[in-house]
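Just so you know, all these numbers are worked out from the coordinates, no wet-lab data involved. Because the structure is predicted, anything quoted here is derived from the model rather than measured. Note: ideal-geometry Cβ built from the backbone for every residue, glycine included; neighbour counts use all protein chains shown.
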Amino acid sequence: MKALFTLLKTDPNQIDILSIQQIVALCGNGKLGDNSEASHDFREYLQIAKSGNLFKYVQTCLQMPVERGFVFQDIINEFGRRLDYSVENGLYQGKINAVGFDGLWCAPDGHVIVVEVKTSDAYRINLDTIARYRDDLLSAGKIKKDSSVLIVVGREDTGDLEAQVRGSRHAWSFRIISADALAKLVILKENTELASVSKIHELLVPFEYTRLDRIIDIAFTVAKDASAAEQQEPTVETFAAAEQ
């Protein structure tokens, strides 16, 4: 039996004290790669991992190298699953004749989000390249014309990237979110009524902001559910601590 799942079966509490580096080392040959046994094991583990542990792993990815881009990408896609999207993991590294998306998230209503994951926005992102992924997927019949793009970045300070998107022709099809904010949506979803899930999905889809009714409707519905579920403001830190 595989080492990681043997440990989960015999001493599940031990998993909580392992670092993400140690978790990866217990998967396959310990080296994540496209179509590798290690990645298959790692993604299987993520689907049953405690949310608090996932949040802890994200912080590690942003603080030190640990094949961090690969790990970070897989965890972000797992966040998508926990938000009730049907998720297709993308490639870690681009290949000839393959579309280089990081993830495809399909909502229950059929809307598909092409996800691009970046540990940092320190380097300028080529928006046209990401848009080309979407165009290629559209040509291949994998997504519909009304699909959108979501860029997930590790840092919360995304001012430069936001300005880049606003000043481009992609402003009406791209959205940006930090990993921390996405984690908070996972916390919110896990602590609210099911009716709020569709509202959370709406937040990740581009929409016109001139009229504020839709934003207020989303905020009101989600806030009402959240206040009924928790008295304190949900944070990644408090959620992770509660699971320890």
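What the table shows:
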| read-out | value |
| --- | --- |
| Contour excess over end-to-end distance, with Cα ends at Arg169 and Ile48 and 0.36 nm allotted per residue | 39.6 nm |
| Amide H partners (placed H, <5 Å) of Arg175, local residues excluded | Val149, Leu150, Ile151 |
| Built amide H within the under 5 Å cut-off of Gly90, gap 5+ | Gly103, Leu104 |
| Over 22 Å (Cα to Cα) - which of Lys56/Lys184; Lys145/Lys184; Lys9/Lys184; Lys118/Lys184; Lys118/Lys144 fall in this group | Lys145/Lys184; Lys9/Lys184; Lys118/Lys144 |
| The range 1-149, relative contact order in percent, only Cα pairs under 8 angstrom and at least six apart counted | 14 percent |
| Within the range 1-126: Cβ-based charge dipole about Cα centre, in debye rounded to nearest 20 (Lys, Arg +1; Asp, Glu -1) | 240 debye |
| Euclidean distance between Cα centres, the range 50-89 to the range 21-46, Å | 13 Å |
| The range 5-92 - percent relative contact order, Cα under 8 Å, separation 6 or more | 21 percent |
| Anisotropy class of the range 1-153 from Cα gyration tensor, a/c 1.5 cut | prolate |
| Listed peptides 103-112, 3-12, 51-60 by packing density, highest first (mean Cβ within 10 Å) | 51-60, 103-112, 3-12 |
| Nonlocal amide H pairs with Val117, under 5 Å, H built at 1.01 Å | Asp102, Val152 |
| Dipole-positive endmost among Gln63, Ile187, Ile125 within the range 61-190 (Cβ charges, Cα centre) | Ile125 |
| Estimated FRET transfer efficiency when R0 is 25 angstrom, pair Ser36-Glu190 (beta carbons, to 0.05) | 0.25 |
